Structure formats: structure tokens, C-alpha cells
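Derivation of every value follows stated rules applied to the coordinates shown; laboratory data play no part. Worth saying up front: this structure is predicted, and the values here are computed from it rather than measured. For neighbour counting, all protein chains shown are included, and Cβ atoms are generated from backbone atoms with ideal geometry for every residue, glycine included.
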Amino acid sequence: MNPILRNILAVLFGWLAGSIINMGIIKAGHLVFPIKDLDPNDMDALARVMPTLDFKYFIFPFLAHALGTLSGAMLAGWIASSHKMKYSIGIGLLFLLGGIWVNYIIPGPVWFTIIDIAFAYLPMAWLGGKIAQKFSKQKFKGL
């Protein structure tokens, strides 16, 4: 396969897979820790209630951000034909921009914002890149 096309697919599939995992974990969090009388799809209501929530309500959002970034970065690094770590970090930067935007439109407690921005994106992308580098030595023969 053409290396340029493969690298484009790495970004697209990494972003898509990470986003799907992120949203799945967010939805699971709403099932495990439902917020009474709140529609989780109502962003205005969610923004109003976020600063008042207990710690437990922030476990799943952090896991969603971290595991979504990790899986997307791993997949992008695994698929990329070259510069695997750069593609993994690129996915981390995409998710970091999304995380900053979400923390802006749905502001939570400052402690969560700091932990989320500092640990859920770039460190997970780096780890995903390291895992992808390790497994890519076995060569992805399908592409």
C-alpha cells in the first residue's frame, strides 16, 4: 500500500477508534453513576451541574479521555508506515485539543481540568506510541 495513504488511514482510524472508545466509556459512566434528573445529552444542564459533582462522577470522563487517546494513538502508530511515534503523538494532540475544548464548554472543577489535561492525553499518546512501536516490529502484513 502507498505509504502516504497508509499514514492518512492511520490518522483517520486512530481518531475514529479513539473517539468511539471515548464515547462508549462516557456512556457507560452515565449508566454506572447517573446524575439525578439530568439528561446527559443536554450540554447546558451538564455545564451547570459539573462544578457541584462528587469525585466519582469524574472517574469515567478521565478514563474515557485517557483510554480513548491511548487506543487511538496505539492504532495510529501501528498502522502508520513510518514515524510511528509522531503519528501517535499527533493523535494525542488532536484529543488534547478536544479535551481543552470540552473543559471550556463544560467546565468542571479545576482539579479535574488540571489532571485531565496533564495526564489523559499526551502521556497516553506516548504510551500508545511505545506499544505500537513494540508490536509493529512484528510487521503489519495486511497493509
Which listed residue, of Phe62, Phe95, is surrounded by 22 or more Cβ atoms within 10 Å (Cβ to Cβ) and assigned to a helix (DSSP H, G or I): Phe95
Working carefully through the options Asp37, Asp44, find the one that is out of contact with any helix residue (DSSP H, G or I) (no Cβ under 6 Å at 6 or more places or on another chain) and assigned to a loop (DSSP other than H, G, I, E, B). Asp37
Could you please give the count of residues in the range 21-34 that are surrounded by 13 or more Cβ atoms within 10 Å (Cβ to Cβ), hydrophobic (A, V, I, L, M, F, W, C) and in a helix (DSSP H, G or I)? 4
Does Ile89 meet the test of being touching a residue at least 12 places away in the same chain (Cβ under 8 Å), part of a loop (DSSP other than H, G, I, E, B) and not hydroxyl-bearing (Ser, Thr, Tyr)? no
Exactly one of these conditions fails for Ala64: (1) under 14 Å from Val102 (Cα atoms); (2) touching a residue at least 60 places away in the same chain (Cβ under 8 Å). Give me its number. (2)
